[in-house]
Amino acid sequence: MEMRILAIYTGEYGQRHIENLRAHAPQHWQIDSWLAPTHFPLVIDDPLEFLPAEVPAADLILSFAEVKGVAELLPDLARRSGAKAVLAPIDNEAWLPRGLARQLRGWLERIGVACATPKPLCSLTEQDYWVTRRQRLTYQSREIAEFARYFGRPSFTLTVDPQSRFIVAAEVRRDATCGCARFVAQGLVGISVDEATEKAGLLHHHYPCLASMGIDIDFGDTLLHVSGNIFKDEVGEQVKPYRKIQYIAPGIRSED
């Protein structure tokens, strides 16, 4: 599926995502970017005042903005670009609060544009995404699903030597949009299956993940930890058949 993408950013968080997309996205994707403003009035009377003079045609808009005011520009950007879908992740509540995310989904629905607001971004699959610890939202969008085939919830294929129980190869089936999955996969090669799950969490942290380190009310944890646990769960499932689990029987002395 050929796809034209317009990626919006305001700082380092967005730049990292765009660089990874340009390096590893399918060749049939066209990726344009726009450096959005970072200062807005409390009430934006006319969003068109803040939009670029020329907006490239797009099928999908990606909003990596670190300023919540950008969300109010997205419906007009969608109209002017002809976009059929908007992906606006929540990796930090300060950048896109949950209430504003709900409003954004409603604004876009009214003009016939699909919208997904995954929290965090690496919870996105081809069908749904997290908004709270116990709630996933589904979506209907060819454009977002096409994006999620390649970027979103990380997915690996790990090859394990059954004798040594060490990982000898790691293939990324779906990368995190920021590129963290590729970094984690490289670091897992040569690691024992007994250490792989925790190692995945450390590698995710050292990349480093740029999700929020503040406690998020919807998860009762930091989004950085939520993201890290996604990586650990994926790797844990991959190595589970090879792990040796020790059972301790109470009341039996070890020398017996």
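The values are calculated or read from the model by the stated rules, or taken from the named source; none is laboratory data. All of these numbers come straight from a predicted model, not from anything done at the bench. Note that we place each Cβ from the backbone using ideal geometry, even for glycine, and neighbour counts take in every protein chain shown.
Among the criteria (1) out of contact with any helix residue (DSSP H, G or I) (no Cβ under 8 Å at 6 or more places or on another chain); (2) surrounded by fewer than 20 Cβ atoms within 10 Å (Cβ to Cβ); (3) modelled with pLDDT of 95 or more, the one residue 252 does not fulfil is (3). Against the criterion of being over 19 Å from the mean Cα position of the chain (by Cα) and either closer than 21 Å to residue 85 by Cα or not assigned by TED's automatic domain parsing to the domain that holds residue 71 (or both), residue 35 qualifies. The residue that is surrounded by the fewest Cβ atoms within 10 Å (Cβ to Cβ), among those in region 79-89 that are more than 14 Å from residue 69 (Cα to Cα) and in contact with a helix residue (DSSP H, G or I) (Cβ under 8 Å, 6 or more places away or on another chain), is 84. The residue that is nearest to residue 118 (Cα to Cα), counting only those in region 35-55 that are surrounded by fewer than 16 Cβ atoms within 10 Å (Cβ to Cβ) and touching a strand residue (DSSP E or B) at 6+ places or on another chain (Cβ under 8 Å), is 35. Annotation: of all residues in region 90-100 being among the charged types (D, E, K, R) and out of contact with any Leu (no Cβ under 6 Å at 6 or more places or on another chain), the one that is surrounded by the fewest Cβ atoms within 10 Å (Cβ to Cβ) is 98. Of the residues making up region 138-175, those that are without any contact (Cβ under 8 Å) to a residue 60 or more places away in the chain, surrounded by 15 or more Cβ atoms within 10 Å (Cβ to Cβ) and of a type in the set (A, V, I, L, M) are 145, 148, 170, 172. Among the residues making up region 11-34, those that are part of a loop (DSSP other than H, G, I, E, B) and surrounded by fewer than 17 Cβ atoms within 10 Å (Cβ to Cβ) are 11, 26, 27, 28. Filtered by the rule that a residue be of a type outside the set (A, V, I, L, M, F, W, C) and either touching a helix residue (DSSP H, G or I) at 6+ places or on another chain (Cβ under 9 Å) or under 13 Å from residue 9 (Cα atoms) (or both), region 29-51 gives 32, 33, 37, 38, 39, 41, 47.
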